[in-house]
Structures are given as C-alpha cells and as structure tokens.
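Asks: Sharing a structure, written as structure tokens. Questions coming.
Nothing in this text is a laboratory measurement; each read-out follows from the coordinates by a stated rule. Just so we're clear, the structure is a prediction, and the values are computed from it rather than from any experiment. With ideal geometry, Cβ positions are generated from the backbone for all residues, glycine too; neighbour counts draw on all protein chains shown.
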Amino acid sequence: MKLHEYQAREILAKHGVPVPQGNVARTGAEARTLAEGMGGKVVVKAQIHAGGRGKGGGVKLANTADEAERAAGQIIGMDLITPQTGPQGQKVKSVLVAEQIAIEKEFYLSVIVDSAIGWPVIIASQAGGMDIEEVAAKTPEKIIRVPLDPATGYQPHHGRLVAEALGLSGDQSKQALAVVAGTVKAFFASDASLVEVNPLVVTTDGRVLALDAKLTLDDNALFRHADLAALRDKDEEDPLEVEAGDLGISNFVKLEGNIGCVVNGAGLAMSTMDVIKYAGGEPANFLDIGTVNDPQRVVSSFKVILADPAVKAILINIFGGMARTDVIAQGVVEAMRTLEMKHPVVVRLAGTNLEEGLRILRESGLPIITADDLGEAARKAVEAANKAA
Ligand code: GDP
Ligand code: MN
C-alpha cells in the first residue's frame, strides 16, 4: 500500500528526519490560509500516489499567498499525467502546501528490500531529483548501495558510508547521518518495502532536509499497523483492484489486453500470462483465486473479471491440489447462470477430482470451451477473444 507524500513526511519526521513544515489543502482557499501562515513563500504539491509530479506540472513554487491559492486552484482537480501515472493521468484531490526551501544540492536516498539478496539496502546518489532508474542505467557508478544485515540492523557506519558518498563533511555529514538513521528507522518501524527521499537536499543555509517522501508499506504486515492501514486512499488505487479486495480476493492485477484470467497460485498466473502471449494474445488481468472450497468465490471472481470492459474472453486455468476442480466447476456453472454472461469461457482443469469437475461442466449444457492442457486453453482463449473483439 502506498502513502501520500504528506503522510510519508509525517512518518519520517516522527523518526527524526527533518522535513520542511507543511500541511494539506483541499481547496485554493485552504491553500491560501496555509501559505499565509508560512509567510507566503511556499511550494504547492499535488498529492497523488505517483512520482514525477514536477515534470507533469504538479509542483509549483509560489511567492505569495495569492500565488499559492492560484497554484492550488490549478493543481486541484487536474488529471495529472506523470511518467508513473499512465496516459490518462491521476485526478488530484489535494495539495501539500509546504515552506519553500532554497536548495543548494539535491541528492537521492532510499531504503528498499533487495529481493536478490533478501536484505534491505540503503541506496544513495549525488544525482538527486532525477529518475533513479535512469541514473542506474546511464551512470551506475553514481549510486551506492549499502546492504543492511537484518541480524545486526542499522549501524552508524552505514550512515557514514552514505554521507561520504554524498560528498558531505563536518556538520552536514552529521545531519546526513541523522537523516539516514531516521529514514532506516521509519522503514523498519512501519514494515515498509520502500522509503524514498528524492530529493534529499542541502539548503543554501546548510541544513539537510527531506524535500520529498515516498513510502510503500508491505501489505502482508499491515495487520500490525492499524494506524498506517487507516491512511489508505482507495481513490488512488485501480477501482477493479479495490473491488477485488473488497470481495476478499487479494491478488487481482489489471493488465492491458482482452483475456480475463482466473488462476490459482502466483506461479501458475505467471505461466498462464506467458502462454497467452505465446499464443498471440494479451491478458486483460489475472486473478489469483487461491485455494477455493466455495463455489461462491468463483462467482465473485467472475464479477471482478466482468467489471473490466476490456475483457472479451475468460480463461480459467486451475491446478487442483488443495483446491478441488469440482468446486471450481460448480462455481463456473453458477457464475455463468447467474451473471448472464455473454463472454466465451475457456476452462482448463487439472488435478483433484478432475473427472467430477469435467462432468459438471459437460452436463451443465452451457457453452463452456474445455481444454486438456494450458497450450490448447490459451490458443482457444485467444481465438475466442479475437472473434469477440
Ligand atoms: P516529484 O516530481 O513527484 O518527485 O516531486 P518532488 O517533491 O521531488 O519535486 C520535484 C522538484 O521540484 C524537486 O526536485 C525540486 O527541484 C523542486 N522543488 C520541490 N520543492 C521545492 C522547494 O521547496 N524549493 C525549490 N526551490 N524547489 C522545490
Ligand atoms: Mn521527488
């Protein structure tokens, strides 16, 4: 789960990272009041769950309360398009009005889980304010990575390595140490998968501050953080994914094609995507139904898949281990009867109670297309989707 910048800033501040003073406004008038309280010289920043806002016109400097009100008026309500939003952009509901900072230098700092080594790592670079993927691709030598052994946790020498790599010395090095320590603390304390400060700045008067903040929480640990879970903003999430979550389906991913996929297990989902592409098609989404022992869950899955107007055909690919294929078959039949489906449905079942599952499909009298293996199922689904499109 992602957080807004203003929320991430509060968490950083709570763990000792200095951040510029600021507050959220939902209207131009509110932005004016906040700017007045800060002496007029502020920055007005769109609060959406995507980065690259500056490039899209979502970050504006204002020198008076008037200008702040105008900037907020322009930003609130806009469909902000950034390199991270997709072409239709993201509707802006609120802005952060923050004290305007005079910047001397911009750096990059983050803590992420590196899945390759299974450890958190601190990543830092003097090339701040820019797209870190681009820096990594073009000038990887400008990035340092400091792995954090989970057994010993954060140690001051980790921070010193970062401060040195950023070229800081004396008092600024000391400030940077506090920033790095606080950022790592915020990462662990909130069970985050990412904390990113881009840019981390040195101000013209020599302070080291987090000017931007991004924080992604590990959904699997959210149950330990009721306070953080409450910060969720469903408006920022894909509506179909929200609906799936509400129906108790945790793994639904929206994609760009036209074949809706119901599978069980993440690995099977990945191979199903591959085989569909190999057959010349494109998945519209995939829904990991998990271990099913209730046909009603299959019906709910169909509801989610059918809510996506891009879907032209549905492919069900289930390997029955703990999940029983006869229960899946009952669910498919129930869904097709109750949801008045027009879409072609291709079903490939394997594993537990297969004969019973196939019998249920066959005797339903419904136009269900069955397949014996995944390759055949994918070809049939692609063909059906192309015909329907
Ligand atoms: P992002 O584009 O979504 O990553 O948003 P940022 O918060 O990183 O802002 C983008 C850029 O706007 C920063 O890299 C800064 O160059 C600039 N910016 C943001 N806040 C301030 C500020 O207080 N003062 C100045 N001078 N520039 C700022
Ligand atoms: Mn940024």
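Asks: With both partners inside the chain, how many of the DSSP beta bridges are antiparallel, as a percent to the nearest 5?
Replies: 70 percent
Asks: Using only alpha-carbon positions, what ratio does the radius of gyration of segment 21-100 give when scaled by 2.2 N^0.38 Å?
Replies: 1.00
Asks: Enumerate by residue number the trypsin sites (Lys or Arg not before Pro) in segment 240-299 meeting two conditions: DSSP loop (anything except H, G, I, E, B), and at most 15 other Cβ atoms within 10 Å of the site's Cβ.
Replies: In loop regions of segment 240-299 (DSSP not H, G, I, E or B), there are no sparsely surrounded trypsin sites (Lys or Arg not before Pro).
Asks: Also, I was wondering about something else. Sort 357-364, 187-194 by the packing proxy (mean of other Cβ within 10 Å over each peptide's residues), most packed first.
Replies: My ranking of the peptides, most packed first, is 187-194, 357-364.
Asks: Each label point is 7 Å from the Cα along the Cα-to-Cβ direction; what then is the distance between the points at Gln155 and Ala116, in nm?
Replies: 2.3 nm
Asks: If you take the square roots of the eigenvalues of the alpha-carbon gyration tensor of segment 70-115 and sort them as a ≥ b ≥ c, do you get rounded (a/c under 1.5), prolate (a/b over b/c) or oblate?
Replies: oblate
Asks: Continuing with the same structure: May I ask you to evaluate 6.51 cos²θ - 1.76 cosθ + 1.60, the Karplus curve with θ = phi - 60°, for each residue of segment 150-164 and list the ³J(HN,Hα) values in order in whole Hz, giving x for glycine and proline?
Replies: Result, rounded to whole Hz: x, 5, 10, x, 6, 10, x, 5, 4, x, 5, 4, 5, 4, 5.
Asks: Give me, ordered by chain and number, the residues 5 or more places off Lys312 or on other chains with an amide H under 5 Å from its own placed amide H.
Replies: Amide H neighbours of Lys312: Ile259, Gly260.
Asks: Here's something else I'd like to know. Counting only DSSP beta bridges with both residues in segment 239-388, what percent are antiparallel, rounded to the nearest 5?
Replies: Counting DSSP beta bridges with both partners in segment 239-388, the antiparallel share is about 15 percent.
Asks: So if the hydrodynamic radius of the chain is defined as the Kirkwood radius over C-alpha pairs, what does Stokes-Einstein give as its diffusion coefficient at 37 °C and 0.692 mPa s, in µm² per second?
Replies: For the chosen part, D equals 140 µm²/s.
Asks: Regarding segment 147-211, what are the three Cα extents along the principal axes, ordered largest first, in Å?
Replies: 36, 22, 14
Asks: With a ≥ b ≥ c taken as the square roots of the eigenvalues of the C-alpha gyration tensor of segment 350-389, please select rounded if a/c is under 1.5 and otherwise prolate if a/b is larger than b/c or oblate if it is not?
Replies: oblate
Asks: If you don't mind, another one. Which residue, Asp114, Asp372, Asp212, has the most motion in a Gaussian network model of the chain that connects Cα atoms within less than 10 Å?
Replies: Comparing Asp114, Asp372, Asp212 in a Gaussian network model of the chain, the most mobile one is Asp372.
Asks: Give the separation of the Cα centroids, segment 254-310 to segment 224-250, in Å.
Replies: Between the Cα centre of segment 254-310 and that of segment 224-250, the gap is 20 Å.
Asks: Ranking request for peptides 6-19, 166-179, 148-161: highest mean number of other beta-carbon atoms within 10 Å first, then the rest in descending order.
Replies: The most tightly packed comes first, giving 6-19, 166-179, 148-161.
Asks: May I pose another question? Quick check on packing: order 220-229, 196-205, 312-321, 279-288 by the mean number of other C-beta atoms within 10 Å, highest mean leading.
Replies: Most protected by this proxy first, the peptides run 312-321, 279-288, 196-205, 220-229.
Asks: Is the shape of segment 239-388 best called rounded, prolate or oblate, per the rule: a/c under 1.5 gives rounded, else a/b larger than b/c gives prolate, else oblate, with a ≥ b ≥ c the square roots of the Cα gyration tensor eigenvalues?
Replies: Rounded shape, in that the Cα axes give a/c under 1.5.
Asks: If amide H atoms are built 1.01 Å from N in the plane of the peptide, which residues on other chains or at least 5 residues away come under 5 Å of the amide H of Arg324?
Replies: Excluding prolines and chain starts, which carry no amide H, the hits are Val292.
Asks: Cβ under 9 Å from Val17's Cβ, Val17 left aside: what net charge do those residues give with Lys, Arg +1 and Asp, Glu -1?
Replies: After counting each charged neighbour, the total is +3.
Asks: A further question follows. Once you've got the Cα coordinates, tell me which of Lys185/Lys277; Lys142/Lys234; Lys254/Lys380; Lys142/Lys277 are over 32 Å apart.
Replies: As for pairs spanning more than 32 Å Cα to Cα, those are Lys185/Lys277; Lys142/Lys234; Lys142/Lys277.
Asks: Here's a follow-up. Placing unit charges on C-beta atoms (Lys and Arg positive, Asp and Glu negative, everything else neutral), compute the dipole magnitude of segment 186-270 about its Cα centre in debye, rounded to 20.
Replies: Charge dipole of segment 186-270: 240 debye, to the nearest 20.
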